[in-house]
4 protein chains.
Amino acid sequence: MKRIEDFKSIIDRYDVIFFDAFGVLKTHSGLVPGIERTFAYLTAQNKEYYIVTNDASRSPAKLAQSYHDNGLWAVSPERIISSGMLTKEYLDLKVNDGIVAYLGTTESAHYLESTGIHTMPVRDIDASNIDKVNALVFMDDEGFDWFSDLNKTVNLLRKRTIPAIVANTDKTYPISQTDLGIAVGGLAGMIENIVGKKFIQFGKPDSQMFMFAYDIIRDYRPISKKQIVMVGDTLQTDILGGNKFGLDTVLVLTGNTRAEDAENRITATGIVPTYICASAVLGPEALGL
Amino acid sequence: MKRIEDFKSIIDRYDVIFFDAFGVLKTHSGLVPGIERTFAYLTAQNKEYYIVTNDASRSPAKLAQSYHDNGLWAVSPERIISSGMLTKEYLDLKVNDGIVAYLGTTESAHYLESTGIHTMPVRDIDASNIDKVNALVFMDDEGFDWFSDLNKTVNLLRKRTIPAIVANTDKTYPISQTDLGIAVGGLAGMIENIVGKKFIQFGKPDSQMFMFAYDIIRDYRPISKKQIVMVGDTLQTDILGGNKFGLDTVLVLTGNTRAEDAENRITATGIVPTYICASAVLGPEALGL
Amino acid sequence: MKRIEDFKSIIDRYDVIFFDAFGVLKTHSGLVPGIERTFAYLTAQNKEYYIVTNDASRSPAKLAQSYHDNGLWAVSPERIISSGMLTKEYLDLKVNDGIVAYLGTTESAHYLESTGIHTMPVRDIDASNIDKVNALVFMDDEGFDWFSDLNKTVNLLRKRTIPAIVANTDKTYPISQTDLGIAVGGLAGMIENIVGKKFIQFGKPDSQMFMFAYDIIRDYRPISKKQIVMVGDTLQTDILGGNKFGLDTVLVLTGNTRAEDAENRITATGIVPTYICASAVLGPEALGL
Amino acid sequence: MKRIEDFKSIIDRYDVIFFDAFGVLKTHSGLVPGIERTFAYLTAQNKEYYIVTNDASRSPAKLAQSYHDNGLWAVSPERIISSGMLTKEYLDLKVNDGIVAYLGTTESAHYLESTGIHTMPVRDIDASNIDKVNALVFMDDEGFDWFSDLNKTVNLLRKRTIPAIVANTDKTYPISQTDLGIAVGGLAGMIENIVGKKFIQFGKPDSQMFMFAYDIIRDYRPISKKQIVMVGDTLQTDILGGNKFGLDTVLVLTGNTRAEDAENRITATGIVPTYICASAVLGPEALGL
């Protein structure tokens, strides 16, 4: 583990950079100031980059739009690898017909629809259609009534022996400077515990996220894991997952891990990043400005 | 472990009988038919009995009322030991002033009120009063908005270092022949997991429930654990807890454990009741009818 | 939570003091210097005291002897409440005949023997006697071969549906200034996880420990929980357990919890002692010296 | 989920077959009788196959040798994908110098040696070399003294902030018709729980196993996940992992899952194989004999 002052020196060392989104590129109050310079430099240097994010609330196109709306044009849809995309791949490969019941917004389900499967919110499942339900997906914490639909979900899973897929394993997400919201991964964990079944979980630290990104790169160029670095703010997801997949990793201090806690948390968890760096932002001088 | 045909022979062997409520005395559709004969026999034989129940939704008086409404007058308030009563004792002993925030119905909170502490639903906690909150209690799964109040609870516990008390550790409860509801213990488990703190949990199988009942008896008569038997329908709460406290135990098959599964579940869990008996109901002949 | 400079002011406030042993009265290198003054003061003030300790390696008599050998005569056998004593009570109440197989030293088993049950080390269980084994107890991490006897224990529990009792739930214990040893509770946790059964666990933070001590006091004098304080060095056992039982609690900083970490750990765990005090030692002036 | 009588019809449907080893190809008493016909048919049909196994005790060469010794020549080293190989890849990518401490036999370590890193059994770590230890690997349950070396491992991980890698996550393995042995994954789970750190775990159901095999195939031919089927005897590893990776799966009943339990366990766990088939063995008629 090395402390590095200058994120530029990290970029210079690798050919491909994987970025976590929340806490690295943006926070609850918008883009991390100056992050556009990092992408300008990446482009100038012909480096590849991907956003590897636990998010199933929207399609990559919609996720990219939110960066564009803030003026960061470098994050295009094909640069985004989300845990929602793994859910979609799973359904494409493993569920051939029938209904996929979901917890989440219509927008999160719309995105799955494109697989040709019929999606239906849990609230609309009843005796007339329950036998056609072939999978259940936890997409988002919004878009449904927690009391009635979480109770319905418990009973759906007791009546039907079907795969339950968690499209984002995060338990919480930041909603303001001080407050967290319970994420769909937190709700799914409660239901999994209650019904005693084993759910299929997508999202960092699971390797399948990194593999998905890695495969996309290999489709158009040769690459080795040694040439890739994962940049994240969370030891338990970004750094643990990146390490396990065999990548070098950078812990930045603009999100979940505060500068004053970093070493203590590394010691306590045993999750060791290759580098620690204050942020993923480059100074203007990096661009010769 | 012995299979016993006749619940009467069990009563005859002990001086005090502890009954679980749900699945033993009543089900979602009312009292277990004939259970009034068991209490008639207990009374005729001068045996003591207590209902030892994971329930914090109402006071013992209200719980007893629900039996009276169904014609079972033998279950008087002083015969009921609920996990809610342990919560009340905890607050009486350990919380001296300020606000006790709660998740549950007003009825469940009213019951705590009698301790002289000011209770307040989580939805009413805000910047003006959060510093006065000295405890949080999970009383019932009803009486609040799950989305807004569970999220609020997470942030309350991140801002205040206070005890969080779970007044009923059950994760689910039956709401019909086929369906379960998520109980407050299930919700509390999710929050405990999210905030990473250690909650104070009341309810079987924890020994404190049995001790509370045992103490009440000892206030008016000498008793040894050998003279008490615990009757329940659930291995993980009634039987495990009774065994650990040192009591003999009877598994009845009118609730959570079905006759055809009983032996398999005993083998799988390693939780062994002293006896298995079809139900806690006596035939009319037991009363000489 | 209040920081208190002077342990004497705590003693003065209560009628009965419960002490944890390790980290409070002694450490790996012997008695905490000056602790004899605390007991001299307790005696002078006619205060009651008990040592409430997760230890099943020896009988109370042998445990007391180890204090006497170090010159602390105040700790007599009848002042010691150990998790081993709860195991013994369990066996007395619940196991009537046959063999109790054990993992631990002969000394730890000898102590159970007095219940009239036949104890036998796991290594001596074979096809000729396995059908007579009616309970398994985890007493100590020493006295057996870990490889052969832990493997044997797994298979014993797969073949016999019997209660498995963990006589000390601690996962580790200190063996030097820097090193820990794996305690029998750590080994039992592994076996419980592997066989998927539910073990009966004795030891703080479980209330049954406190209840056992409380009952002993009530045999000879009236007492309320308000008059008792629990003194310990470990949040997860001494303080959580004491709080839950309804006692006031004191965290001392002579053992597992270091002064510089105390507040952080209280915040992180949500386990809040009534007081924090540097140690349970009184200065000479407390005795008028 | 479909019950299929004839394993041949499964082979005919896919281009690549992944087999679990234990419980599918062999049992504690040797090869599953007739399994050589399955490989003869695969060869005749020009189908690809891989053995995907949680095993880190030996190199692929040694594992293959054990099949050859039993007359099954079709299982050559390059057909074997073991969790040990992922450990080796991890060390190659992430640990550049120093000592890799290990628990296991010399044979299991010898295999890692080839990466150019210096391996050393935990028993030989002492004050003179502990600062050079840059990783710890759990390879096998044999080859070390459980008492002294597991205790040493706990203290090594408390003193050094280094990655701990579990090369086989299985908790047990069969050692006879009736008995299990504790596997290195069971021991590692205990240590992880005790030290409170996060270990890097390799082995099914983790996707990285399947990805490793998938990558090897893609090096020499185009393939889609739809063309591959995973055959295993264990729901929690083979079937869950195969499903999650997006493969079709076959549960065979020659190992951990007995025919009479299969449906119950599928319902209880919610892990649903694409097919259930009595075994992976073909009848002589499949080969036209």
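The values are calculated or read from the model by the stated rules, or taken from the named source; none is laboratory data. What you see is a predicted model; the values in this text were computed from it and never measured. Please note: Cβ atoms are built from the backbone with ideal geometry, for glycine as well, and neighbour counts cover all protein chains shown.
If you go through segment A:238-266 and keep only what is in a helix (DSSP H, G or I) and either under 17 Å from the mean Cα position of the chain (by Cα) or among the basic types (K, R) (or both), you end up with A:D238, A:I239, A:L240, A:G241, A:G242, A:N243, A:K244, A:F245, A:R265. Flag not set for D:I35, criterion: among the β-branched types (V, I, T) and over 21 Å from the mean Cα position of the chain (by Cα).
Count of segment A:53-95 residues, restricted to those that are basic (K, R) and more than 23 Å from A:I162 (Cα to Cα), is 3. When B:K171, B:K197 are checked against the criterion of being touching a residue at least 12 places away in the same chain (Cβ under 8 Å), surrounded by fewer than 23 Cβ atoms within 10 Å (Cβ to Cβ), within 27 Å of B:S128 (Cβ to Cβ) and in contact with a helix residue (DSSP H, G or I) (Cβ under 8 Å, 6 or more places away or on another chain), a single residue qualifies: B:K197.
Yes or no: segment B:41-48 includes at least one residue that is outside any loop (DSSP other than H, G, I, E, B), more than 14 Å from chain C (Cβ to nearest Cβ), more than 28 Å from B:Y14 (Cα to Cα) and not aromatic (F, W, Y). Explain how you work it out, then say what you get.
Applying the first criterion (outside any loop (DSSP other than H, G, I, E, B)) to segment B:41-48 yields B:41-44, B:48.
Filter again for more than 14 Å from chain C (Cβ to nearest Cβ), leaving B:41-44, B:48.
Subsequent filtering for residues that are more than 28 Å from B:Y14 (Cα to Cα) retains none.
Taking every residue of segment B:41-48 in turn, none turns out to be outside any loop (DSSP other than H, G, I, E, B), more than 14 Å from chain C (Cβ to nearest Cβ), more than 28 Å from B:Y14 (Cα to Cα) and not aromatic (F, W, Y).
Run down B:G241, B:G203 and say which single residue is at pLDDT 95 or above, at positive phi and buried (at least 21 other Cβ atoms within 10 Å of the Cβ). The match here is B:G203.
Every residue, every condition in (1) out of contact with any helix residue (DSSP H, G or I) (no Cβ under 9 Å at 6 or more places or on another chain); (2) at pLDDT 95 or above; (3) within 14 Å of chain A (Cβ to nearest Cβ), yes or no:
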| position | (1), (2), (3) |
| --- | --- |
| D:L86 | no, yes, yes |
| D:N96 | yes, no, yes |
| D:V100 | no, yes, no |
| D:T105 | yes, yes, no |
| D:S108 | no, no, no |
| D:T115 | no, no, yes |
| D:H118 | no, no, no |
| D:R123 | no, yes, no |
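Only residues that are in contact with a strand residue (DSSP E or B) (Cβ under 9 Å, 6 or more places away or on another chain) and closer than 20 Å to C:T38 by Cβ were counted in segment C:61-77, giving 9.
Being acidic (D, E) and over 30 Å from D:G186 (Cα atoms) is the filter here, so list the residues in segment D:28-72 that pass it. Talk me through it step by step, then tell me what you get.
Within segment D:28-72, the first condition is being acidic (D, E), and the residues that meet it are D:36, D:48, D:55, D:69.
Matches in segment D:28-72: D:E36, D:E48.
Per this entry, C:I80 is counted among residues that are within 18 Å of C:T169 (Cβ to Cβ) and either modelled with pLDDT of 95 or more or in contact with a helix residue (DSSP H, G or I) (Cβ under 9 Å, 6 or more places away or on another chain) (or both). Give the residues of segment A:49-71 that are under 12 Å from the mean Cα position of the chain (by Cα) and closer than 15 Å to A:F19 by Cβ, sorted by residue number. The answer is A:Y50, A:I51, A:V52, A:T53, A:N54, A:D55, A:P60, A:L63.
Taking segment A:137-148 as the range and being of a type outside the set (S, T, Y), in contact (Cβ under 8 Å) with a residue 24 or more places away in the chain and out of contact with any Ser or Thr (no Cβ under 7 Å at 6 or more places or on another chain) as the test, the residues that pass are A:F138, A:D141, A:F144, A:W146. Cβ-Cβ contacts under 7 Å between residues 6 or more apart (or on different chains), taken from a first residue in segment B:149-161 that is free of Cβ contacts under 8 Å to residues at least 40 places away in the same chain and on the phi < 0 side of the Ramachandran plot to a second residue that is in a helix (DSSP H, G or I) and surrounded by 21 or more Cβ atoms within 10 Å (Cβ to Cβ), are listed as B:K152/B:V122; B:R158/B:V195. Taking (1) outside any loop (DSSP other than H, G, I, E, B); (2) without any contact (Cβ under 8 Å) to a residue 24 or more places away in the chain; (3) of a type in the set (D, E) in turn, A:E89 satisfies each apart from (2).
Just need a number here: residues in segment D:1-40 that are farther than 21 Å from D:S207 by Cα and either aliphatic (A, V, I, L, M) or assigned to a strand (DSSP E or B) (or both). Residues in segment D:1-40 being farther than 21 Å from D:S207 by Cα and either aliphatic (A, V, I, L, M) or assigned to a strand (DSSP E or B) (or both): 14 in total. Of all residues assigned to segment B:71-79, none qualifies as being in a strand (DSSP E or B) and outside the structural domain of B:V231 (by TED's automatic domain parsing).
Please work out if D:V250 is among the aliphatic types (A, V, I, L, M), assigned by TED's automatic domain parsing to the domain that holds D:P33, touching a residue at least 12 places away in the same chain (Cβ under 8 Å) and crowded, with 18+ Cβ neighbours inside 10 Å. Show your work before the answer.
Values: among the aliphatic types (A, V, I, L, M): yes; assigned by TED's automatic domain parsing to the domain that holds D:P33: yes; touching a residue at least 12 places away in the same chain (Cβ under 8 Å): yes; crowded, with 18+ Cβ neighbours inside 10 Å: yes.
Answer is yes for this residue.
Residue-by-condition table, conditions (1) of a type outside the set (G, A, S); (2) within 30 Å of D:V272 (Cβ to Cβ):
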{"position": "A:F210", "(1), (2)": "yes, yes"}
{"position": "A:R218", "(1), (2)": "yes, no"}
{"position": "A:V229", "(1), (2)": "yes, no"}
{"position": "A:G241", "(1), (2)": "no, yes"}
{"position": "A:V250", "(1), (2)": "yes, no"}
{"position": "A:R258", "(1), (2)": "yes, no"}
{"position": "A:L282", "(1), (2)": "yes, no"}
{"position": "A:A286", "(1), (2)": "no, no"}
{"position": "A:L289", "(1), (2)": "yes, no"}
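Every residue, every condition in (1) within 26 Å of C:I223 (Cα to Cα); (2) surrounded by fewer than 19 Cβ atoms within 10 Å (Cβ to Cβ), yes or no:
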{"position": "C:H28", "(1), (2)": "no, yes"}
{"position": "C:G34", "(1), (2)": "no, yes"}
{"position": "C:L42", "(1), (2)": "yes, yes"}
{"position": "C:N46", "(1), (2)": "yes, yes"}
{"position": "C:V52", "(1), (2)": "yes, no"}
{"position": "C:L63", "(1), (2)": "no, no"}
{"position": "C:S66", "(1), (2)": "no, yes"}
{"position": "C:P77", "(1), (2)": "yes, yes"}
{"position": "C:S82", "(1), (2)": "yes, no"}
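Just one of (1) more than 19 Å from B:G203 (Cα to Cα); (2) in the same structural domain as B:Y220 (by TED's automatic domain parsing) fails for B:Y50. It is (1). Among the residues of segment C:13-30, those identified as β-branched (V, I, T) and out of contact with any Phe, Trp or Tyr (no Cβ under 8 Å at 6 or more places or on another chain) are C:V24, C:T27.
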